[in-house]
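Derivation of every value follows stated rules applied to the coordinates shown; laboratory data play no part. Keep in mind that this is a model prediction, so the values were computed, not measured. Don't worry about glycine lacking a Cβ; one is built from the backbone with ideal geometry, like all the others, and counts go over all protein chains shown.
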Amino acid sequence: MPSGDTATAELLSRAILDVGGLGVKRRHAVDLISPLLIAARTDEDVSQLLAGELMGDFGGFLHRDLRESDFALGYESTLCWAGEGLERCGLSGETAAGATEAIRRARPVAWEEVRKGSSVERDLPWRARVRLAHFLLRMVRALLR
C-alpha cells in the first residue's frame with residue numbers, strides 16, 4: 001500500500017474513533033444491585049429469595065403478593081449495596097451511613113414481612129392458578145397454529 005494510502009487510512013480510522021467516542025478509553029467502575037448481594041450473605045440462593053421465579057421469572061405477573069415480595073427484595077438489595085457502595089462512589093462514611101438510614105426509613109414495607117421466596121405454582125391462590133392455566137392454554141394454542 002502506498003504511503004499516502006496508509007496515512008489516509010490512519011486519518012480515517014482516527015476520525016471514526018473520535019466521532020464514536022472511542023479515541024480515548026476511560027475506565028468506569030460499575031456496581032450491581034442484585035439479590036446476589038443478599039444471597040452472598042446467607043445460605044440461600046437467588047431462586048429461594050425471589051418469589052416470582054415461576055414461569056421463567058415472570059411469576060410476579062400472576063399475583064400481587066409475589067410482586068410485592070420481589071419489589072421489597074429489590075429494596076432490600078439496594079440497602080445491602082448502599083452500606084458499602086455509596087462510599088465507593090465517593091461519599092464520606094458519615095454521609096453514606098445517613099443516606100443508608102434514610103433509605104431504610106423510607107422503605108414502604110420490610111421484605112421479611114412480605115417475603116414469598118421459593119413460591120411454586122401450588123402456593124398461588126386459585127384465581128392466579130386459573131390465570132396461569134389460561135395463559136398456558138393460549139401459549140399452546142399459539143404454538144399449534
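Taking 20 °C and 1.002 mPa s as the conditions, I'd like the Stokes-Einstein D for region 69-121 in µm²/s, using the Kirkwood hydrodynamic radius from alpha carbon pairs. Estimated via Stokes-Einstein, D reaches 179 µm²/s. Between Ala110 and Leu32, the C-beta separation translates, for a Förster distance of 30 Å, into a calculated FRET efficiency of about 0.85. When Rg and the Kirkwood radius Rh are both evaluated on Cα atoms of region 1-51, their ratio Rg/Rh stands at 1.53.
Measuring r between the beta carbons of Thr95 and Val46 and using R0 = 22 Å, the FRET efficiency lands at 0.15.
Projecting label points 7 angstrom from Cα along Cα→Cβ for Arg131 and Arg88 puts them 3.6 nm apart. A cut-off under 13 angstrom between Cβ atoms defines the neighbours of Ala29, and their net charge, with Lys, Arg +1 and Asp, Glu -1, is 0.
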